[in-house]
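A short worksheet on the structure shown next.
The values are calculated or read from the model by the stated rules, or taken from the named source; none is laboratory data. What you see is a predicted model, and the numbers here were worked out from it, not measured in a lab. In this analysis, Cβ positions are derived from the backbone assuming ideal geometry, glycine residues included, and neighbour counts consider all displayed protein chains. Note: accessible area is taken over every heavy atom of the protein model, side chains too, but ligands, DNA and RNA are not part of it. Shrake-Rupley method; radii C 1.70, N 1.55, O 1.52, S 1.80 Å.
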Amino acid sequence: MPGKNLSRDEAQQRASILTVDAYRVRLDVTSAPDPAAATFRSTTTIAFRCAEPGASTFVDLLAPAVRAVTLNGRALDPAAAYDGARVHVDGLAAENVLTVEADCAYSRTGEGLHRFTDPADGETYLYTHYEPADARRVFATFEQPDLKAPFTFTVTAPAAWDVWSNAPHETVTAEDATRTWEFAPTRPISTYLTAVVAGPYHVARDHYSRTLDDGTVLDIPLSAMCRRSLAPYFDADEILGVTKLGLDFFHERFAYPYPFGKYDQAFVPEYNIGAMENPGCVTFREEFVFRSKVTDAAYEGRANVVLHEMAHMWFGDLVTMRWWDDLWLKESFADFMGSYGLVGAGTRFQSAWVTFANQRKAWAYRQDQFPTTHPITADIRDLEDAKLNFDGITYAKGASVLKQLVAYAGADAFFEGARRYFQRHAFGNTELADLLDILEETSGRDLKSWAAAWLQTAGVNTLTPQLTADAEGRITELAVLQDGEVLRPHRIAVGLYDRDADGALVRTARFELDVTGARTAVAEAVGLTRPAFVLLNDDDLTYCKIRFDEESLETLRTGLGDIKDDLARALAWSAVWNLTRDALMPARDYVALVLRFAGQEANIGVLQSLHTQAKGAVDLYADPAWRGEGGRLLADGALHELRAAAPGGDHQLAWARFLAQTANGSEHLGLVRGLLAGTARIDGLEVDQELRWALWLALAAAGQATEEELAGELAADNTAGGRRQHTQCLAARPTPEAKAAAWSAVIDSDELPNALVEANIAGFAVPAHRDLTTLYAAPYFKLLERVWAERTIEIAMRIVGGFFPQAQVDEATLAEADGWLAGHPDAAPALRRLVLERRDDLARALRAQACDRA
Ligand SMILES: [Zn+2]
């Protein structure tokens, strides 16, 4: 498709001459239940002004057919005006009305207007997802965040359906087999934030009200939706409960009344991301409706997302970045507010900062060490750059740096800054400087150098303690050494830990200080008794990797699990994982730590990330000669802990799932089969549907599940989730035919929906099947550019990332990746970035294996 990309320069040019006054969008989706109908009718009328009459411009539109284009009453020839991605219009007047009538396509990739038919009952569901630039798949639009306008949607849909959009509906008119929904005009919002949700959704309703400072009462109708067949599992009360706590909390902190009227939260099928903050009409992935037992970490994760999206109503929707360079102005803030809100709003998830330190930051560290890392305020040349920038830097590092800013400038200055920011820029667009100016006012500090160090440079610092003691064991020197390409100011705490009477490692002293430059002395520590364990960045105030002195590392080897405080222990786990990734700790030593201490890990979220990391350590970072033994040790450990765990608890479930992921010998696989057949039991463990699929996946990957057995399970669970799991199980079988079928299903056709693309890739890429999948490395590199050109960017990203021969950790595969990069300097930068990152993962794995071998 020509010109599908849009550059920052083009967007700036367009914004410099245009002001958009209103959009009116009419959609007719009555054809949606008919699978043979590929398109729906879309009619857009845009009223806009042009500062340079006579100039030309274009609107963005990705549609199979354009039927009519009218500018200021003048009909244009669609064949001449439309090039497949843009409708070109020239001879603009000072005030213009443009109408574009098109046939737009129902999406199966989650981009644009996604259509899903429920296998459980045959019902059809629609929802939109646009960010960063897919509104143009549904209507004609100036697709850039700084051309805000009020939108008025009209949607004609099957009579039995309900329809939602950003604003409440004003009228519903019934015709024979259809109903037409007229929505109120929205406040001025960006195109990527508009939304339509339509279908026979199950709805739970409630409302929220509060009295504002001026005495008026703000009443916000609330609703939560999911597919009908998920209704029996839908715990809307819990979701709406978190919603109300969040609305209280953000009103108190932000002091700006929620500006979008009502608040709907739709849980939608085959959603590509966690959730999207469409004003008044948030969409979530429906996997947040739990069909089977999940651990409390999953409930915490969901509540975090609810608050993250709600924070966006202010950071992002009310005040929006001018262009995608400043995506962090909404995502870093929302990511920070997710954890901050869980604690501050009084939800039951009071350990949110432990999760943040352990899991969210791991994402940031990983991303920040790729050669493709970038400053938090990024240089986003075009839409492909923008699409890749929803990454660990923009979200997790940005949020970490805001946490550091709160420690550095104070929470009062931070929130007073937020309040002034909303007042000053409501319904407008901003850049970094707009925020900094305000924070300097409220904090009284010069934040330019702080911002230069933290927001405008890339990379993570490493902090290492330097500790000496005299013959009596008294500290003679404690200093913090800082490494990294850019040294930054860090406000940190340093904790000293010793064993208490019960043998637990507890904090005996804490010093808070500003680390600047390469070496900073901790003067107050001199003269104290040398502790068993020194923890830099205690309380996780700053964003850095931490190392240990030799004695502290020895304490961890024998007593990591004895650290009493959850956050301190999570920081220690995080640090030893970083040591392993950095080839400074052999993978088998990390695995030994997990096997020794995970059984006593109280925090369920931390435990589950230990499982993922330990499995990754064996699969990718361990010497291949030891891999088999490492795998057996993990499975033995999982079985031991599963039997020891409290019946019916989260830990038991986590260990059962870990057993399913690691089972390899006949004892483990025999138990897996027994649990499925009901001939084996673990007291308190309910083998429900999702656990059944996890167990089937273990058998399938081991070559011990027949096609008939898997079909039987699907027959018993003929649902959207069941189909995904079944597809993954088929692809996970260790046969050349299964791998070929999965590969072909994804590569040779674009018929598969996003969810089944993902399931095929996940099943194909079982690390233990590297001898089977190695054949696909050469074809992978050959087809990269074709995939990038022919598939939508969402699907292309999955294929490029998921089919990279990640499990082939050897020099030959690294050379193949390097060869592709050297031979394709002019490939799309976003494609090169994805390959560079996978290549870097491979090089890291090779270094880790060398460390493990030595
Ligand atoms: Zn977000």
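Details
- Matching residues in region 767-783 - criterion: being of a type in the set (Val, Ile, Thr) and open to solvent by 30 Å² or more (accessible area, probe 1.4 Å): THR774
- Top-ranked residue in region 730-749 [being of a type in the set (A, V, I, L, M, F, W, C) and farther than 21 Å from ALA694 by Cβ; ranked as surrounded by the most Cβ atoms within 10 Å (Cβ to Cβ)]: VAL746
- Residue selected from region 323-341 under the condition out of contact with any Gly (no Cβ under 9 Å at 6 or more places or on another chain) and more than 12 Å from the ligand (Cβ to nearest atom), by the criterion most open to solvent (accessible area, probe 1.4 Å): TYR340
- Any hit, region 586-595, residues being open to solvent by less than 20 Å² (accessible area, probe 1.4 Å) and under 18 Å from ARG366 (Cα atoms): yes
- Strands (runs of 3 or more DSSP E) contained entirely in region 453-567, each with at least 2 residues that are in contact with an Asp or Glu (Cβ under 8 Å, 6 or more places away or on another chain) and among the small types (Gly, Ala, Ser): 490-499
- Given (1) more than 36 Å from the chain's Cα centre (by Cα); (2) over 22 Å from LEU579 (Cβ atoms), number of the condition PRO531 does not satisfy: (2)
- Single residue of ARG420, ARG424 found to be closer than 16 Å to PHE333 by Cα, of a type in the set (Lys, Arg) and part of a helix (DSSP H, G or I): ARG420
- Test: residue in region 238-260 that is at pLDDT 95 or above, in contact with a strand residue (DSSP E or B) (Cβ under 8 Å, 6 or more places away or on another chain) and small (Gly, Ala, Ser): no
- Strands (runs of 3 or more DSSP E) enclosed by region 159-241 - at least 2 residues per element that are of a type in the set (Val, Ile, Thr) and surrounded by 14 or more Cβ atoms within 10 Å (Cβ to Cβ): 178-183, 196-199
- Some residue of region 285-305 being closer than 22 Å to ARG724 by Cβ, away from the ligand (no atom under 14 Å from the Cβ), hydrophobic (A, V, I, L, M, F, W, C) and open to solvent by less than 10 Å² (accessible area, probe 1.4 Å): yes
- Restricting attention to region 154-207, the residues that are within 20 Å of HIS114 (Cβ to Cβ), free of Cβ contacts under 8 Å to residues at least 40 places away in the same chain and within 28 Å of the chain's Cα centre (by Cα) total 2.
- GLY274 being out of contact with any Leu (no Cβ under 7 Å at 6 or more places or on another chain) and within 14 Å of the ligand (Cβ to nearest atom): yes
- Lone qualifier among ALA311, ALA298 - being closer than 23 Å to ALA602 by Cβ and small (Gly, Ala, Ser): ALA298
- One residue from LYS387, LYS397 being at pLDDT below 95, of a type outside the set (Phe, Trp, Tyr) and in contact with a helix residue (DSSP H, G or I) (Cβ under 6 Å, 6 or more places away or on another chain): LYS387
- Counted as qualifying within region 1-73 are the strands (runs of 3 or more DSSP E) with 1 or more residues that are in contact (Cβ under 8 Å) with a residue 24 or more places away in the chain and surrounded by fewer than 18 Cβ atoms within 10 Å (Cβ to Cβ), namely 18-28, 39-50, 65-71.
- Summed over region 116-133, residues that are free of Cβ contacts under 8 Å to residues at least 60 places away in the same chain and open to solvent by less than 20 Å² (accessible area, probe 1.4 Å) total 0.
Quick grid of which residues meet (1) part of a helix (DSSP H, G or I); (2) more than 27 Å from the chain's Cα centre (by Cα); (3) surrounded by fewer than 16 Cβ atoms within 10 Å (Cβ to Cβ); (4) at negative phi:
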site: LEU633; (1), (2), (3), (4): yes, yes, no, yes
site: HIS651; (1), (2), (3), (4): yes, no, no, yes
site: TRP655; (1), (2), (3), (4): yes, no, no, yes
site: ARG673; (1), (2), (3), (4): yes, yes, no, yes
site: THR679; (1), (2), (3), (4): no, yes, yes, yes
site: ARG692; (1), (2), (3), (4): yes, no, no, yes
site: LEU695; (1), (2), (3), (4): yes, no, no, yes
site: GLU708; (1), (2), (3), (4): yes, yes, yes, yes
site: GLY721; (1), (2), (3), (4): yes, no, no, yes
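- Selection of first residues in region 834-854 that are touching a residue at least 12 places away in the same chain (Cβ under 8 Å) and of second residues that are of a type in the set (Asp, Glu) and open to solvent by less than 30 Å² (accessible area, probe 1.4 Å), restricted to Cβ pairs under 7 Å at least 6 apart or on distinct chains, gives the following pairs, ordered by first then second residue: GLN849/ASP623; ASP852/ASP623; ARG853/ASP623.
- Restricting attention to region 74-96, the residues that are touching a Cys at 6+ places or on another chain (Cβ under 9 Å) and open to solvent by 20 Å² or more (accessible area, probe 1.4 Å) add up to 3.
- The listed residues are ALA796, ALA789, ALA815, and the only one of them that is in a helix (DSSP H, G or I) and within 30 Å of PRO586 (Cβ to Cβ) turns out to be ALA815.
- Region 596-631: number of residues that are open to solvent by 10 Å² or more (accessible area, probe 1.4 Å), under 11 Å from ASP852 (Cα atoms) and free of Cβ contacts under 8 Å to residues at least 60 places away in the same chain: 1
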